[in-house]
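As structure tokens, the structure follows; a few thoughts come after it.
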């Protein structure tokens, strides 16, 4: 890892009713670095992302941000640390419209005397701006997202992450529901975010996508960190071998 | 990053649920249709006095339906509204009829109802008891407490200032109608223009998504049922003020009436989507049908039969609209011939 350290996870453990889902998992993510997290189903990828996002807590281990030990006990804690998560389920409410989803939990309000009401105009304008950054069309801001396509919903979910100043964005299979063109737009967006200095931890089964955007690839198998490799130094076959056999091809950095 | 090539339509301004106009329009047309049909059948139906009478009778149910809209939108249900109404009203009424300060008496009714609503919310949010079971339990227990408090006792004699809330008129409009109108406007504003309204719809639409944003889901649930309690207290106050009496059995079965009004109005039983206007229209529709049956000389029990049938049709229409059933599965004898 060449970049300045942003987030460091040390020996994280997580149990689910006797199942050791994460076993001494360590990983370091640098400033402005794109790290891809790969592994078979049940490897612990989503669990690890949920712990960083504050949706779950680890049973053991340490987390530090820019060298300072920290705890992430809730999504609010993660948000306060500048960590935003795009979950597999997208975290959208189907019955809410586009800007209500984008601003859910962070609504803009205006005061009428002592009463606070939603500032819909402000939220609508900001939503248009955010969606503009993605350069993707959505039908109407006022319609429930349930009536939109999977790709459009993904765009709404990603635009939510850009609402606040973020240090690290966590993405769980962000291209899974997208067509080729929309998927490429998300990849382009990831590159743009990286250029702005935002770090990204992305889960993906698509190695073509992983190799096109990742600075490093971290491989998990059965809750264990097999190792992290640079896509410049390995082939897709090497990564597939790591995923299936649990054998480390090339270990780099301190995280393994 | 430029947004110059982005096409975003700004949608329906000011309507958070985006479906208000469709459902509101549909139900309004149904209401007008019923008025025309009933007026043809019996001209006595088509009179200003009769309409005000219908609205006055509907007022307590409109007020409670506003609260129930929030509960059902949040994917909950409250079966205990009748029992909360009974217990809060007998306690407050007894205080006032025995010479207590009317303002304090009204406050007692509202505070007791809110507290009981919050009790429901606490059972659901903190003890993870499903809303149906939690409120079924409180429905039975609170009715029991109301009966223990004043079984067989009919309370009479409210202070004039309180009775005015049910019997008085302002600018020719009955007070219950005015209070119901204010409650409906407040509910519409709360659901569509405040954070609480958004969280309420999010709670019913995707509880996990709301939790992931860091919003306290438990607190929202507590507030939803607390607000339901407040509306029950207010609805109960209007009800007892109108008849200037109460007893432990008051409000029995009113939960069905209130839930029916909300469902007829188009609020989704699966949560996430609610319309206060629809609930108000639903409550008026039920009272209008009951009124027409009374004028037509039908037995009271026919009201129950007709209410049940209306609810079934309302749910069927909702399921068709939301794609839960397709027209192909609807028996041909139920399909309208065009």
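The values are calculated or read from the model by the stated rules, or taken from the named source; none is laboratory data. What you see is a predicted model; the values in this text were computed from it and never measured. FYI the Cβ positions are ideal-geometry reconstructions off the backbone, even for glycines, and counts take in every protein chain you see.
What the table shows:
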quantity	calculated
Selection status of residue B:297, farther than 24 Å from residue B:90 by Cα, more than 20 Å from the chain's Cα centre (by Cα) and away from chain A (no Cβ under 14 Å)	yes
The range B:165-214: number of residues that are assigned to a helix (DSSP H, G or I), touching a residue at least 40 places away in the same chain (Cβ under 8 Å) and more than 14 Å from chain A (Cβ to nearest Cβ)	11
Of all residues in the range A:105-163 being more than 9 Å from chain B (Cβ to nearest Cβ) and in a loop (DSSP other than H, G, I, E, B), the one that is surrounded by the most Cβ atoms within 10 Å (Cβ to Cβ)	A:162
Filter result (in contact with a helix residue (DSSP H, G or I) (Cβ under 9 Å, 6 or more places away or on another chain) and either part of a loop (DSSP other than H, G, I, E, B) or under 21 Å from residue A:207 (Cα atoms) (or both)) within the range A:30-56	A:32, A:33, A:34, A:36, A:37, A:38, A:39, A:40, A:43, A:54, A:55, A:56
The range B:97-110, residues that are out of contact with any strand residue (DSSP E or B) (no Cβ under 9 Å at 6 or more places or on another chain), under 18 Å from residue B:238 (Cβ atoms) and either in contact (Cβ under 8 Å) with a residue 60 or more places away in the chain or in a loop (DSSP other than H, G, I, E, B) (or both)	B:102, B:106, B:109, B:110
Residue check, residue B:231 away from chain A (no Cβ under 14 Å) and touching a strand residue (DSSP E or B) at 6+ places or on another chain (Cβ under 9 Å)	no
Within the range A:164-184, considering residues that are surrounded by fewer than 18 Cβ atoms within 10 Å (Cβ to Cβ) and out of contact with any strand residue (DSSP E or B) (no Cβ under 8 Å at 6 or more places or on another chain), the one modelled with the lowest pLDDT	A:177
Some residue of the range B:209-219 being touching a helix residue (DSSP H, G or I) at 6+ places or on another chain (Cβ under 6 Å) and at pLDDT 95 or above	yes
Lone unmet requirement of (1) surrounded by 22 or more Cβ atoms within 10 Å (Cβ to Cβ); (2) in contact (Cβ under 8 Å) with a residue 24 or more places away in the chain; (3) closer than 29 Å to residue B:205 by Cβ for residue A:29	(3)
Residues of the range A:193-208 satisfying the condition of being without any contact (Cβ under 8 Å) to a residue 60 or more places away in the chain and surrounded by 20 or more Cβ atoms within 10 Å (Cβ to Cβ)	A:193
Residue satisfying all of: in the range A:64-104; more than 7 Å from chain B (Cβ to nearest Cβ) and farther than 30 Å from residue A:11 by Cα; surrounded by the fewest Cβ atoms within 10 Å (Cβ to Cβ) among these	A:103
Cβ pairs under 8 Å, 6+ apart, first in the range B:260-272 and more than 14 Å from chain A (Cβ to nearest Cβ) and on the phi < 0 side of the Ramachandran plot, second part of a loop (DSSP other than H, G, I, E, B) and surrounded by fewer than 24 Cβ atoms within 10 Å (Cβ to Cβ)	B:263/B:269
Residues (part of a loop (DSSP other than H, G, I, E, B) and within 14 Å of chain A (Cβ to nearest Cβ)) located in the range B:300-331	B:322, B:323, B:324
